[in-house]
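Asks: Got a structure here, written out as structure tokens. Questions coming.
The values are calculated or read from the model by the stated rules, or taken from the named source; none is laboratory data. Just so we're clear, the structure is a prediction, and the values are computed from it rather than from any experiment. Reconstructed Cβ throughout: ideal geometry from the backbone, glycine too, with neighbour counts over all protein chains shown.
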Amino acid sequence: MKTVFGFFILLASFFLLSGCGVQSIPQSKNSVDAAMAEVTNQYKRRSDLVPNLVEVVKGYAKHEEKTLTEVTEARAKATQMTIDPSKVTASQLVEFQKAQAGLSQALGRLLMVSENYPDLKANTNFRDLQAQLEGTENRITIARQRLIESIKNFNDQVTVPPTSWTNSLFYHHDKMAQWDVSAEEKSTIEKAPKVNF
């Protein structure tokens, strides 16, 4: 009789704990890690496109050495900064974002310079690379949105009862730093050009 009663207590405990984050907290953490990996993957894809873009522009815009050097240096800085999704700290995330924002700004200047060279704009390789870069920027935006959502879900799991009780008993995860728009990106957004047709 006692073993049957003990079995039902154990079974009831299992069902109660399964609804209190025993599985959902690790799953949520795995989702954050996967989303961060996708963000870094898209940034790597963008970095891989940059040398080809610089080479094409170099052939047409010989007088733009400073801009080309800035892009190359920004790419080097962005590729040196790597983060481990499972151990990322708020300060590492800020540094990673700064490096990526620096590359974004340098690429923006490079594409603005290209406007001064009609032959470059007509070049098929340049147009293809520009289209790939634009597509990659869109993928980065989507990946960042997914990361923001997965971090929010994880933070909810570890801070909102009843799953936060499970976290404090079994996991002891802290709230994760949220991806934010960097100061450079904020200034770019605020200075967004008006387009009139």
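Quick grid of which residues meet (1) over 22 Å from Lys121 (Cβ atoms); (2) out of contact with any Leu (no Cβ under 9 Å at 6 or more places or on another chain); (3) touching a residue at least 60 places away in the same chain (Cβ under 8 Å):
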residue: Ala37; (1), (2), (3): yes, yes, no
residue: Asn41; (1), (2), (3): yes, yes, yes
residue: Lys62; (1), (2), (3): no, yes, no
residue: Glu70; (1), (2), (3): no, no, no
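Asks: Might you check whether a residue that is closer than 27 Å to Asn155 by Cα and at pLDDT below 90 occurs anywhere in the range 1-10?
Replies: no
Asks: I've got another one for you. Among the residues of the range 50-96 satisfying the criterion of being closer than 30 Å to Asp174 by Cα and of a type in the set (Ser, Thr, Tyr), which is modelled with the highest pLDDT?
Replies: Thr79
Asks: Here's something else I'd like to know. Answer yes if at least one residue in the range 119-142 is assigned to a loop (DSSP other than H, G, I, E, B) and of a type outside the set (Phe, Trp, Tyr), and no otherwise.
Replies: yes
Asks: Please work out if Tyr171 is more than 30 Å from Gln23 (Cβ to Cβ) and of a type in the set (Phe, Trp, Tyr).
Replies: Judged against the criteria, Tyr171 is not a match.
Asks: Pairs only if they're at least six apart or on different chains, beta carbon under 8 angstrom, first in the range 163-177 and crowded, with 18+ Cβ neighbours inside 10 Å, second among the aromatic types (Phe, Trp, Tyr) and modelled with pLDDT of 85 or more; list them, first residue then second.
Replies: Partner pairs satisfying both residue conditions: His173/Phe154; Met176/Phe154.
Asks: Test Asn167 against the stated conditions and say whether it is in contact with a helix residue (DSSP H, G or I) (Cβ under 8 Å, 6 or more places away or on another chain), at pLDDT below 90, assigned to a helix (DSSP H, G or I) and over 30 Å from Lys58 (Cβ atoms).
Replies: Here the answer is yes, as Asn167 does meet what is asked.
Asks: Moving to a separate point now. Among the residues of the range 98-108, are any of a type outside the set (A, V, I, L, M) and more than 18 Å from Leu49 (Cα to Cα)?
Replies: Yes, the range 98-108 has at least one match.
Asks: Report whether or not Val39 is crowded, with 19+ Cβ neighbours inside 10 Å, within 21 Å of the chain's Cα centre (by Cα) and in a helix (DSSP H, G or I).
Replies: Yes: the conditions hold for Val39.
Asks: Same structure, new question: Where residues in the range 49-76 are charged (D, E, K, R) and surrounded by 15 or more Cβ atoms within 10 Å (Cβ to Cβ), which of them is nearest to the chain's Cα centre (by Cα)?
Replies: Arg75
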